[in-house]
Amino acid sequence: MMRDPCELSPSYVRSIAPYQPGKPISELAREMGLDEGSIVKLASNENPRGIGPRTRAAIEAAIGDIARYPDGNGFELKQALAKRYGVDLGSIVLGNGSNDVLELAALAFLGPGRAAVFSQHCFAVYPLATQARGARSIVVPAKNYAHDLEAMVRAIDDETYVAWIANPNNPTGTFARHEEVEAFLKRVPERVLVVLDEAYNEYLAPELRRDTFKLIKRHPNLVVTRTFSKAYGLAGLRVGYALAHPSVADVMNRVRQPFNVNSVALAAATAALDDMEFVARSYAENLQGLRRLEEGARALGLKYIPSHGNFITVQVGKAAEIYKRLLRRGVIVRPVGGGYGLPEHLRVTVGTSDENERFLAGLAASLKE
């Protein structure tokens, strides 16, 4: 008998459970026979406002050069980021979404015989990126659904080379204050790369925002990642970035694929970075929507995890069944059982006012069904 080619792959790769993205609108429409226009998707933490006018104009202008390869170095976007945050171009790593940058960190610093530490209920990419490199995962129990940074420090052993921290965390929305993060950095061995994932940074309340990039000068083992997929509305174009010590950025760039960010994404992100009015409006509308979803959950007698992102995670009991009932009503949310360890919860993206009301009405009916 012929040998299964799959068996030639390392066992740690074969045992990976692939990442499950939010269900697309088109897929639900096919499955349920629904009109796509009637479906509300609140599963992937996208910005319901779309993109700003400056970004749209930049995209339209970039299409004319789409037959050309993009700038593999992403000079204009890097220059804009360097100017915004006061860093050198050599400290910036660009990625096909911040997921790509997270993968680069794992590729550059993890491998068989090494380990990474992360929290229970953390972003699913951390264990996936760790396992894909043949590294060992050290999972630290969460504290009130949040990272227990003190316990994470204690869990670090001689094989630990990466610590993953999402702040705010997805899918719980919890947040570790700047002082807690800096205290963690002071205690972590210098050989441990601390990856601080700030994908939802733009949704933080102003009093919680800090220039975490300044910490890199004091802690060269720190990598801060951010994305244009959330508040900037560029999820479909996939562009993110990391700021790191130049030597760390250099290693990450060595394993980065050529042209990993396309030309339209580069142009859009460069323009979006300047459209702070759009981001400010997105923050304000998200806060209003988040408060409405909290109010709606309380009215239904449901507990939820207070969130600092553009989503809320609600305890609904039999979450898998409630999820299916919502799908039949044309509402897509995100179950967070499985690898996230929250089998009674659903994560719900903050949508437009109408979308939020559709969800709350659908949830109320689904709970009674």
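The values are calculated or read from the model by the stated rules, or taken from the named source; none is laboratory data. Please read all numbers here as calculations on a predicted model, not as lab measurements. Methodologically, a virtual Cβ is constructed for each residue, glycine included, from the backbone with ideal geometry; neighbour enumeration extends over all protein chains shown. Protein only, heavy atoms only, side chains kept; ligands, DNA and RNA dropped before computing areas. Shrake-Rupley method; radii C 1.70, N 1.55, O 1.52, S 1.80 Å.
When residue 358 is evaluated against the numbered criteria (1) in contact with a helix residue (DSSP H, G or I) (Cβ under 8 Å, 6 or more places away or on another chain); (2) open to solvent by 60 Å² or more (accessible area, probe 1.4 Å); (3) touching a residue at least 24 places away in the same chain (Cβ under 8 Å); (4) among the basic types (Lys, Arg), which criterion, by number, is the only one it fails?
Residue 358 satisfies all of (1) in contact with a helix residue (DSSP H, G or I) (Cβ under 8 Å, 6 or more places away or on another chain); (2) open to solvent by 60 Å² or more (accessible area, probe 1.4 Å); (3) touching a residue at least 24 places away in the same chain (Cβ under 8 Å); (4) among the basic types (Lys, Arg) except (1).
If only one of 90, 95, 64, 134 is closer than 23 Å to residue 259 by Cα, touching a Pro at 6+ places or on another chain (Cβ under 7 Å) and small (Gly, Ala, Ser), which one is it? I'd like the intermediate steps shown before the answer.
Working: 95 fails: touching a Pro at 6+ places or on another chain (Cβ under 7 Å); 64 fails: touching a Pro at 6+ places or on another chain (Cβ under 7 Å); 134 fails: closer than 23 Å to residue 259 by Cα.
Among 90, 95, 64, 134, only 90 is closer than 23 Å to residue 259 by Cα, touching a Pro at 6+ places or on another chain (Cβ under 7 Å) and small (Gly, Ala, Ser).
In the stretch 168-181, is there at least one residue being in a strand (DSSP E or B), within 16 Å of the chain's Cα centre (by Cα) and under 27 Å from residue 313 (Cβ atoms)? First the steps, then the outcome.
So in the stretch 168-181, the residues in a strand (DSSP E or B) come out as none.
Within the stretch 168-181, none of the residues are in a strand (DSSP E or B), within 16 Å of the chain's Cα centre (by Cα) and under 27 Å from residue 313 (Cβ atoms).
Report yes if residue 28 is buried (at least 22 other Cβ atoms within 10 Å of the Cβ) and assigned to a helix (DSSP H, G or I), otherwise no.
Values: buried (at least 22 other Cβ atoms within 10 Å of the Cβ): no; assigned to a helix (DSSP H, G or I): yes.
Answer is no for this residue.
Please specify each residue of the stretch 337-351 satisfying the condition of being modelled with pLDDT of 95 or more and under 20 Å from residue 18 (Cα atoms). Reasoning before the result, please.
Initially, the stretch 337-351 is screened for residues modelled with pLDDT of 95 or more, giving 342-351.
Selection gives 342, 343, 346, 347.
Mind telling me which of the residues 256, 281 ends up being open to solvent by 30 Å² or more (accessible area, probe 1.4 Å), in a helix (DSSP H, G or I) and not polar (S, T, N, Q)? Before you say what the answer is, go through the steps one by one.
Numbers: 256 fails: in a helix (DSSP H, G or I).
So the residue among 256, 281 that is open to solvent by 30 Å² or more (accessible area, probe 1.4 Å), in a helix (DSSP H, G or I) and not polar (S, T, N, Q) is 281.
Would you tally the residues in the stretch 225-236 being surrounded by fewer than 24 Cβ atoms within 10 Å (Cβ to Cβ) and in contact with a strand residue (DSSP E or B) (Cβ under 9 Å, 6 or more places away or on another chain)?
2
Among the candidates 363, 287, 327, single out the residue that is modelled with pLDDT of 95 or more, open to solvent by 20 Å² or more (accessible area, probe 1.4 Å), aliphatic (A, V, I, L, M) and assigned to a helix (DSSP H, G or I).
Working: 363 fails: open to solvent by 20 Å² or more (accessible area, probe 1.4 Å); 327 fails: open to solvent by 20 Å² or more (accessible area, probe 1.4 Å).
Residue meeting the stated conditions: 287.
Kindly check whether there is at least one residue in the stretch 46-58 that is open to solvent by less than 10 Å² (accessible area, probe 1.4 Å), under 30 Å from residue 25 (Cα atoms) and either polar (S, T, N, Q) or modelled with pLDDT of 95 or more (or both).
Checked the stretch 46-58: at least one residue is open to solvent by less than 10 Å² (accessible area, probe 1.4 Å), under 30 Å from residue 25 (Cα atoms) and either polar (S, T, N, Q) or modelled with pLDDT of 95 or more (or both).
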